[in-house]
Amino acid sequence: NKHSNKKGLILCNGPSLNNVDFEAIQEAQNDGLVVIGLNKINLLFERTSMRPNYIVATNEKVIKQNKDYFNQSPIPLFIHYQGRKHLSTNPNIAYLYEIAQPKFARDVSLTIGASFTVTFAAMQIAFHLGIRDLALVGCDHSFQAKGPANATVEGGAVDRDHFDPNYFSDGVPWDLPDLAGSEYQYSLAGGVFRAFSGRIVNCTDGGKLELFERTDFGNWISSKLF
């Protein structure tokens, strides 16, 4: 409940993240907006002075690939405990202990529900922090890479499924998305937020996620929930 009654924004990793006005986000942060980045969001940092308040990573492959940044990050990190073998004693790391069931945890200091997508983990963390008005940007919910859900594949020369062409490239392993599983977990998250008089909205430019009310960032940040 550190950020009770504050608005929260999750920066997802789809190509549409490149269309976001980060100056507007940074201005909103000055007024109290809490921003949660995911996985390799640090690849964005050369392009903007905006920095998320927190970063979440739950996939061990991603944690290993991004360990150099995580080991020296000044930004508070929420990291899946299985990735601890790749990391140092950075005091900014808080480890997440996951249970096997894909449940929505309202108190992540105990355990966190298993995630088909790191976005679901970030939703649980946002709720734990007291945020009840949550928005997504860059959640395209659509991938050019094809194959069985959760299958491990090798990145090609250029990554067209994420905001940076080097996100998963040059043969690094990554796990294909489980879009159906993600939608199930998004519906769980939306239900919990509504049960506590909250909401999740989708401010993504395009994409195929239609489970949440769509609005643009400007309208959402100026609106009132409580």
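Given segment 45-117, what strands (runs of 3 or more DSSP E) lie entirely inside it while holding 3 or more residues that are touching a residue at least 40 places away in the same chain (Cβ under 8 Å)?
54-57
Among the residues of segment 32-44, which ones are closer than 19 Å to Asp140 by Cβ and assigned to a loop (DSSP other than H, G, I, E, B)?
Residues satisfying the conditions are Asn39, Lys40.
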Problem set entry | Search result, residues across segment 197-214 that are in contact with a Ser or Thr (Cβ under 9 Å, 6 or more places away or on another chain), touching a residue at least 60 places away in the same chain (Cβ under 8 Å) and either of a type in the set (D, E, K, R) or open to solvent by 40 Å² or more (accessible area, probe 1.4 Å) (or both) | Asp205, Lys208
Seminar exercise, completed: Exactly one of Ile41, Ile55, Ile10, Ile63 is open to solvent by less than 50 Å² (accessible area, probe 1.4 Å), of a type in the set (Val, Ile, Thr), at pLDDT 95 or above and out of contact with any helix residue (DSSP H, G or I) (no Cβ under 7 Å at 6 or more places or on another chain), and that residue is Ile41
For this session: Kindly indicate the residue of segment 101-144 that is within 17 Å of Asp175 (Cα to Cα) and of a type in the set (Phe, Trp, Tyr) and also surrounded by the most Cβ atoms within 10 Å (Cβ to Cβ) among those meeting that condition.
Result: Phe120
Problem set entry | Residue check for Asp68: within 15 Å of the chain's Cα centre (by Cα) and charged (D, E, K, R) | no
Problem set entry | Flag for Lys146 being farther than 19 Å from Asn39 by Cβ, touching a residue at least 60 places away in the same chain (Cβ under 8 Å) and in a loop (DSSP other than H, G, I, E, B) | no
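The values are calculated or read from the model by the stated rules, or taken from the named source; none is laboratory data. Note that this is a predicted model, so its numbers are computed, not measured. Heads up, the Cβs are rebuilt from the backbone with ideal geometry, glycines too, and the neighbour counts pull from every protein chain shown. For the accessible areas, the whole protein counts, side chains as well, though only heavy atoms, and no ligand, DNA or RNA atoms are used. Shrake-Rupley method; radii C 1.70, N 1.55, O 1.52, S 1.80 Å.
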